[in-house]
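To start, the structure under review is shown below, and the notes come after it.
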Amino acid sequence: MTDNSVPELGFYGLAGHTENPGDLLDECRDAETLGLGSVFISERFNVKEAAALTGAAAAVTTRLGIATGVTNHNTRHPLVTATWGATVHRLSGGRFALGIGRGFDFLFDAIGAKRVTFDQMEDFVGLMRRLWHGETIFGHDGPAGAYPYLGLDPTFDENIPILMAALGPKAMQFGGRVMDGVILHTFFSDEALGRCVSEIRSAAEQAGRDPESVKIWSVLAVACDLPEERRLRALVGRMATYMQAYGDLLVNVNGWDPAVLTRFKADETVASIGGAIDAKATREQLEHIASLIPGEWLAASAQGDAATCASRIKDQFAQGADGVILHAATPKQLDPVLAEYSKVRDNNRFANRSNNPGL
């Protein structure tokens, strides 16, 4: 680790929409130079396939932690996922963590995949752990599927953490009970973040686990000294995209007014945008949509000058997060924030932190 290393901070690679996945390579190199701890790689069915991107990230770095943030277990055969995880684990020298999530029922219905349940996820996690520790599995028939044979290499004894994305209370409880780590969601208020951390730790303790063994990552949208159009896309566009997809959950976890979401969904401009708002909306549309979203909702982010954004990062740790994923900005854009964060960082708290995002 270099002197400027901040392993407790990560970033989202290729945040939002991209047409050039090769940009991830420079983002990872820049992140490592700046001392960021991990890259989290989300997946979309376009040019953001997670297995390819995690391998690329491992190939161009030597210290940066690498995680999917997230993929869905039902889109690959478990033997394919286990092989991918073992490969990137060895390729990166132990820097990889697999992140999974429940995904969207409407998408799975459209492509003919099974909807994801917590029982499936728990069964899948158990299979991954057994395979990575060298077990050969015959005649498995469980929620994740029926498989006559599963096996990788009987000599394996690989410690590969598995994370999950969590939004609702059931997911928090599941994460605390089963997973190595939990990735929370962008635009959680400080109060909601603290409550979710408590729910995860409590569930872990009730399951007989060490509550501190579950690594909890908050996600903080960062808009530091941005021109207005980029600020609109980074904050308003991102919030609006989440409201399109799972606004009910986001409103519920924050205790926000559901009537605002109802008005948002009924708005003609919102309805006219064919696709994700953060990728498709014009500036004029974003300006209109900004008028539909209360300032309180957008305040669950880091915006303003670099010192203010660094202070907001500290707020996440004050609510119990173990790590903070800085979203909506590239590593280069985060450089001034990191410089300010270094002035207020609790160096003792993060001493000897692993660069694996799940450990």
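The values are calculated or read from the model by the stated rules, or taken from the named source; none is laboratory data. Remember, predicted model here, so these are calculated numbers, not experimental data. Positions of Cβ are generated from backbone atoms using ideal geometry, with glycine treated the same way; all protein chains shown enter the neighbour counts.
So which residues in segment 3-25 are among the β-branched types (V, I, T) and in contact (Cβ under 8 Å) with a residue 60 or more places away in the chain, if there are any at all? Even if it seems obvious, please write down each step before you answer.
To start, the set of residues in segment 3-25 that are among the β-branched types (V, I, T) comprises 6, 18.
The one that is among the β-branched types (V, I, T) and in contact (Cβ under 8 Å) with a residue 60 or more places away in the chain: V6.
Name the residues in segment 316-341 that are surrounded by fewer than 16 Cβ atoms within 10 Å (Cβ to Cβ) and either outside the structural domain of C28 (by TED's automatic domain parsing) or touching a Ser or Thr at 6+ places or on another chain (Cβ under 7 Å) (or both), would you?
none
Being part of a helix (DSSP H, G or I), surrounded by fewer than 17 Cβ atoms within 10 Å (Cβ to Cβ) and in contact with a Leu (Cβ under 9 Å, 6 or more places away or on another chain) is the filter here; which residues of segment 1-28 pass it?
D23
Can you tell me which condition E229 does not meet? The list is (1) in contact with a Gly (Cβ under 8 Å, 6 or more places away or on another chain); (2) of a type in the set (D, E); (3) under 26 Å from C309 (Cα atoms), and all the others hold.
(1)
Would you mind stating whether D267 is within 25 Å of the chain's Cα centre (by Cα) and of a type outside the set (A, V, I, L, M)?
Working: within 25 Å of the chain's Cα centre (by Cα): no; of a type outside the set (A, V, I, L, M): yes.
In short, no.
Say whether the condition of being assigned to a helix (DSSP H, G or I), out of contact with any helix residue (DSSP H, G or I) (no Cβ under 9 Å at 6 or more places or on another chain), of a type outside the set (F, W, Y) and not assigned by TED's automatic domain parsing to the domain that holds C309 is met by at least one residue in segment 232-243.
No, segment 232-243 contains no residue that is assigned to a helix (DSSP H, G or I), out of contact with any helix residue (DSSP H, G or I) (no Cβ under 9 Å at 6 or more places or on another chain), of a type outside the set (F, W, Y) and not assigned by TED's automatic domain parsing to the domain that holds C309.
List pairs: first residue in segment 210-234 and in contact (Cβ under 8 Å) with a residue 60 or more places away in the chain, second residue of a type in the set (D, E) and outside any helix (DSSP H, G or I) anywhere in the structure, Cβ distance under 8 angstrom, at least six positions apart or on different chains.
Listed by first residue and then by second, the contacts come to K215/D180; K215/D322; I216/D322; W217/D322; C224/D305; D225/D305.
Which of (1) in a strand (DSSP E or B); (2) polar (S, T, N, Q); (3) free of Cβ contacts under 8 Å to residues at least 60 places away in the same chain is the odd one out, the single condition T61 does not satisfy?
Single failed check for T61: (1).
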